[in-house]
Every structure is written in structure tokens, then in C-alpha cells.
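*Asks:* Sharing a structure below in C-alpha cells format, with a few things to ask.
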Amino acid sequence: MANELDVVSSNDTALATDKPAFSLKSLNLSQKCPAVVVAPTGSKLSRFAFPKVKFEEGRRCRISILTEDVIMLKLHYHPEVGSIICDGGACCKYCDKVSIKYCYPCVMYETDNAGRCVSTKVEPKLLVLGGEMYDQISLLSEIGGSITNMDLLFSCTSTQYQKCQVTQAGAAQWMNNEATAKFVSEYMASNGSKVMDAIGRTYTAEELAAKIGDPNAPIADQKCLSAEDIGSVFNV
Ligand SMILES: [Zn+2]
């Protein structure tokens with residue numbers, strides 16, 4: 001019986017219309033296949049455990065950074081491969097341009113357009129910053145003595161280039177709600193290792209050769225994007 005669909009007989013609408021309704025709960029799908037998630041309709045599954053934060057003009061984001069230390073990396077963009085984290089190896093033979101990124105695991109609050117919280121819900125995300133926004137964060141960290149004990153408001157000034165004005169917005173609110181704090185702690189414990197998934201990865205010379213072709217082809221023959229193009233790619 002446990003393997004069959006449940007008829008939800010307590011549903012008044014179903015009784016009134018004689019329409020049978022079913023639930024997935026009794027199938028124990030997640031138990032049989034841990035990669036499967038059963039949730040109420042309206043819930044969404046994201047491709048990455050920490051999707052990149054995307055800023056939008058006219059909408060303020062309220063964010064709390066989760067780590068005092070920062071992930072620093074160099075990033076290429078190749079149109080056929082996507083983002084490539086630079087290891088100074090074969091990647092540099094295919095792409096001459098490189099941009100420097102600073103990344104933090106963070107939580108984004110559910111807010112209105114002005115950045116005011118509308119619930120206690122938070123979404124774990126990856127904050128990917130260029131030098132200019134990182135300087136603003138560094139300054140706030142220096143003034144406050146810590147970057148993780150505060151909420152930050154990001155007021156986007158350019159959707160295209162993902163530029164924001166960053167201001168401090170009081171103490172970190174997610175810590176004040178017991179359920180939210182528990183969710184964030186557990187999420188970081190079980191998904192922390194996937195924090196970089198959304199930004200790209202490094203590739204061996206063999207992998208790049210298989211994907212793109214001859215690594216000795218002159219750079220001029222390869223399509224590489226400028227820093228501005230990379231900015232707009234982050235925006236997609
Ligand atoms: Zn490289």
C-alpha cells in the first residue's frame with residue numbers, strides 16, 4: 001500500500017466534485033532516490049546549491065555575507081566552454097582576457113523592492129564581486145570590524161554591468177530567527193562544498209583541447225570576450 005498513490009479523501013473539494021486527488025508523499029521517492037525532491041507546487045529547484053546573486057536596477061537586495069574570508073579567483077570566459085577558472089595553464093592559451101572576482105557565500109532575504117524584509121525566508125547564494133564592489137565591502141568590514149555581523153543593502157546602479165552601491169543595514173537579521181539560523185547552519189554544513197559550482201571550474205589541457213581544438217592555434221583565431229562582455233555574461 002505504501003507504494004501506491006494516496007487518495008486524499010480529506011480534501012473537501014475532491015469529495016464535493018467526486019474528483020480523486022493524489023499526493024506524492026507516500027511514495028517515499030526521496031528515500032529511494034536521494035537526488036529527487038518532492039515539494040509543494042510553486043517550489044523551485046535551482047541548478048546550483050549557491051546560485052549567483054543577480055542585481056537589477058530599481059530593486060534593492062538585502063544580503064548577509066556568511067564568511068569573514070573571501071574566495072579570490074581569476075576568471076576567463078570562452079563562448080564555447082563558458083566560464084573557466086584560471087589556473088595559469090592551458091586556459092590562458094585559449095583566452096587572453098581575464099577578470100578578477102571576489103566571492104562570498106551569502107544569504108539573500110525575501111524583500112520588497114526597497115529591500116525591506118517581507119518574511120523570515122532566506123536563500124543561500126553566491127555573491128560574485130568585481131574590484132569596485134569588493135572595495136566597498138572591504139571598507140564596511142574594516143569600519144564594522146566584521147562583515148558577517150551586518151546586513152548589506154545592494155542598490156543596483158547598472159543591471160548591465162552588475163554595479164551596486166553597498167550600504168550597511170543594521171545587524172544580520174537571519175541570526176535572530178531560530179528556524180532561519182538553523183536552516184542556514186544545516187545548509188552550509190551539507191552544501192558548503194558546492195559553493196563554487198555556479199561560477200565555473202578549471203579545465204585540464206586535454207579537456208580544453210577536446211572541447212575547443214588545437215591549443216597551439218593563435219589566440220587571434222580564438223573567440224575571447226572582453227571584460228565588458230564578461231560583465232554582460234554575468235547578467236544573463
Ligand atoms: Zn588562464
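*Asks:* Hey, does segment 53-72 have a residue that's within 16 Å of the ligand (Cβ to nearest atom) and in the same structural domain as Leu127 (by TED's automatic domain parsing)? Give the derivation first.
*Replies:* Filtering segment 53-72 for residues within 16 Å of the ligand (Cβ to nearest atom) gives 72.
Still in the running and in the same structural domain as Leu127 (by TED's automatic domain parsing): 72.
Within segment 53-72, one or more residues are within 16 Å of the ligand (Cβ to nearest atom) and in the same structural domain as Leu127 (by TED's automatic domain parsing).
*Asks:* So for segment 157-179 (the condition being among the hydrophobic types (A, V, I, L, M, F, W, C), assigned to a strand (DSSP E or B), under 25 Å from Ser46 (Cβ atoms) and without any contact (Cβ under 8 Å) to a residue 40 or more places away in the chain), does at least one residue qualify?
*Replies:* Among the residues of segment 157-179, at least one is among the hydrophobic types (A, V, I, L, M, F, W, C), assigned to a strand (DSSP E or B), under 25 Å from Ser46 (Cβ atoms) and without any contact (Cβ under 8 Å) to a residue 40 or more places away in the chain, which makes the answer yes.
*Asks:* While we're here: Testing Leu139 on (1) within 28 Å of Lys74 (Cβ to Cβ); (2) part of a helix (DSSP H, G or I); (3) in contact (Cβ under 8 Å) with a residue 60 or more places away in the chain, one condition comes back false. Which one is that?
*Replies:* (3)
*Asks:* OK, next. In segment 140-170, what count of residues is obtained for those that are closer than 19 Å to Glu68 by Cβ and out of contact with any strand residue (DSSP E or B) (no Cβ under 9 Å at 6 or more places or on another chain)?
*Replies:* Result for segment 140-170: 3.
*Asks:* OK, next. Look through segment 76-98, keep the residues that are under 19 Å from the mean Cα position of the chain (by Cα) and more than 9 Å from the ligand (Cβ to nearest atom), and return whichever of them is nearest to Pro124 (Cα to Cα).
*Replies:* Among residues in segment 76-98 that are under 19 Å from the mean Cα position of the chain (by Cα) and more than 9 Å from the ligand (Cβ to nearest atom), the one nearest to Pro124 (Cα to Cα) is Ser83.
*Asks:* Tell me, please, whether a residue that is among the hydroxyl-bearing types (Ser, Thr, Tyr), part of a helix (DSSP H, G or I) and at pLDDT below 85 can be found in segment 2-9.
*Replies:* no
*Asks:* Take segment 65-87 and flag every residue that is part of a loop (DSSP other than H, G, I, E, B) and farther than 30 Å from Gly145 by Cβ.
*Replies:* Once the filter is applied, which keeps residues that are part of a loop (DSSP other than H, G, I, E, B) and farther than 30 Å from Gly145 by Cβ, segment 65-87 yields Pro79, Glu80, Val81, Cys86, Asp87.
*Asks:* Taking the conditions exactly as written (more than 16 Å from the ligand (Cβ to nearest atom) and touching a Pro at 6+ places or on another chain (Cβ under 6 Å)), does Leu45 satisfy them or not?
*Replies:* no
*Asks:* Taking Leu29 as the residue in question, decide whether it is without any contact (Cβ under 8 Å) to a residue 24 or more places away in the chain, more than 16 Å from the ligand (Cβ to nearest atom) and more than 15 Å from the chain's Cα centre (by Cα).
*Replies:* Values: without any contact (Cβ under 8 Å) to a residue 24 or more places away in the chain: yes; more than 16 Å from the ligand (Cβ to nearest atom): yes; more than 15 Å from the chain's Cα centre (by Cα): yes.
The answer is yes for Leu29.
*Asks:* Now for a different question. Please pick out the residue among Cys92, Cys33 that is surrounded by fewer than 18 Cβ atoms within 10 Å (Cβ to Cβ) and not assigned by TED's automatic domain parsing to the domain that holds Ala209. First the steps, then the outcome.
*Replies:* Details: Cys92 fails: not assigned by TED's automatic domain parsing to the domain that holds Ala209.
Only one candidate passes the filter, namely Cys33.
The values are calculated or read from the model by the stated rules, or taken from the named source; none is laboratory data. Computed from a predicted structure; not experimentally measured. Neighbour counts are summed over all protein chains in view; Cβ atoms, including those assigned to glycine, are modelled from backbone coordinates with ideal geometry.
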